[in-house]
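**Student:** Here's a structure for you.
The values are calculated or read from the model by the stated rules, or taken from the named source; none is laboratory data. Computed from a predicted structure; not experimentally measured. Neighbour counts run over all protein chains shown; Cβ positions are idealised from the backbone, glycine included. Only protein heavy atoms, including side chains, enter the accessible area calculation; ligands, DNA and RNA are left aside. Shrake-Rupley method; radii C 1.70, N 1.55, O 1.52, S 1.80 Å.
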Amino acid sequence: MSEIMLILIRSIGAFLLLLLMARIMGKKQISQLTFFDYCVGITIGSIAATMSVDQNIKIVNGLLSLFIWGLFPIILAYIGMKSRIFSNITDGKATILIENGEVLEKNMRKNVLTINELILLLREKGVFKISDVEMAVLETNGQLSVMLKTDQQPVTPTTLAIHQEPEHGPSILIMDGKVLNKSLQKLGYSREWLTGEIKKQGAKDFKDVFMAQMDSKKNLYVDLYDK
């Protein structure tokens, strides 16, 4: 077998196993990358790349190594669900950087974070003045969670004691010219009613409609295909 074919087979095998492990490890591996996850990700990528091009490594050994390293985060995640102490060891703990509008320099030094980096993280949250912050917490994934002081928080209907009807998720009734019968039945409407509604908005048939969506207030939005 030629060298190119060997590299192709090895690369496909590594890719398929990586895809499988990524699905098993779940979305947390991407959305909440901790220091431990970062190290595991680098190691898995390095093993996969080496296995693809280095023919001195047996493909079975490479796949087994990938499987073992992919299994580590899953096992440790389950152990962490049972033990908070173990979770703190592997993922670390969140650190308060600002409390009552004051920067905690000791915690900044522990996380090797400069004031410029803190200000950058605050700006990413839309905060430009430290004095506006009641509390800022550096999470284990490196993100900064910010709670503004009461007088700096945005006004909401609840703040103004204004009652509002609860808003529910919209329902799609037509997608790509096809009626979603389950959604239609769930809302208690018929196809005849839907036909009449889309005709009011310029459609002759369901095939003319790219998407039709109804919100919780029973307002129907119809988007037609471009003429």
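**Student:** Please state which one of Gly92, Gly45 is free of Cβ contacts under 8 Å to residues at least 12 places away in the same chain and either open to solvent by 30 Å² or more (accessible area, probe 1.4 Å) or farther than 30 Å from Leu8 by Cβ (or both).
**Tutor:** Gly45
**Student:** On to the next question. So which residues in segment 95-110 are exposed (fewer than 14 other Cβ atoms within 10 Å of the Cβ) and on the phi < 0 side of the Ramachandran plot?
**Tutor:** Those that are exposed (fewer than 14 other Cβ atoms within 10 Å of the Cβ) and on the phi < 0 side of the Ramachandran plot: Ile96, Glu102, Glu105, Lys106, Arg109, Lys110.
**Student:** Among the residues of segment 146-163, are any in contact with a Phe, Trp or Tyr (Cβ under 6 Å, 6 or more places away or on another chain) and either more than 30 Å from Glu105 (Cα to Cα) or not in a helix (DSSP H, G or I) (or both)?
**Tutor:** Scanning segment 146-163 turns up no residue that is in contact with a Phe, Trp or Tyr (Cβ under 6 Å, 6 or more places away or on another chain) and either more than 30 Å from Glu105 (Cα to Cα) or not in a helix (DSSP H, G or I) (or both).
**Student:** Take Pro170 and tell me if it is within 30 Å of Ile198 (Cβ to Cβ), at pLDDT below 90, touching an Asp or Glu at 6+ places or on another chain (Cβ under 8 Å) and not acidic (Asp, Glu).
**Tutor:** Spelling it out, Pro170 is indeed within 30 Å of Ile198 (Cβ to Cβ), at pLDDT below 90, touching an Asp or Glu at 6+ places or on another chain (Cβ under 8 Å) and not acidic (Asp, Glu).
**Student:** Give the residues of segment 175-223 that are open to solvent by 40 Å² or more (accessible area, probe 1.4 Å), more than 28 Å from the chain's Cα centre (by Cα) and of a type in the set (A, V, I, L, M, F, W, C), sorted by residue number.
**Tutor:** Matches in segment 175-223: Leu187, Trp193.
**Student:** Right, something else. Kindly evaluate Ser87 against the criterion of being part of a helix (DSSP H, G or I), free of Cβ contacts under 8 Å to residues at least 24 places away in the same chain and either small (Gly, Ala, Ser) or closer than 30 Å to Leu17 by Cβ (or both).
**Tutor:** When the stated conditions are applied, Ser87 passes them.
**Student:** Okay, moving on. Looking at Ile119, Ile130, Ile162, Ile172, which is the one that is more than 30 Å from Tyr38 (Cβ to Cβ) and either under 28 Å from the mean Cα position of the chain (by Cα) or open to solvent by less than 60 Å² (accessible area, probe 1.4 Å) (or both)?
**Tutor:** None of the other options fit; the residue is Ile172.
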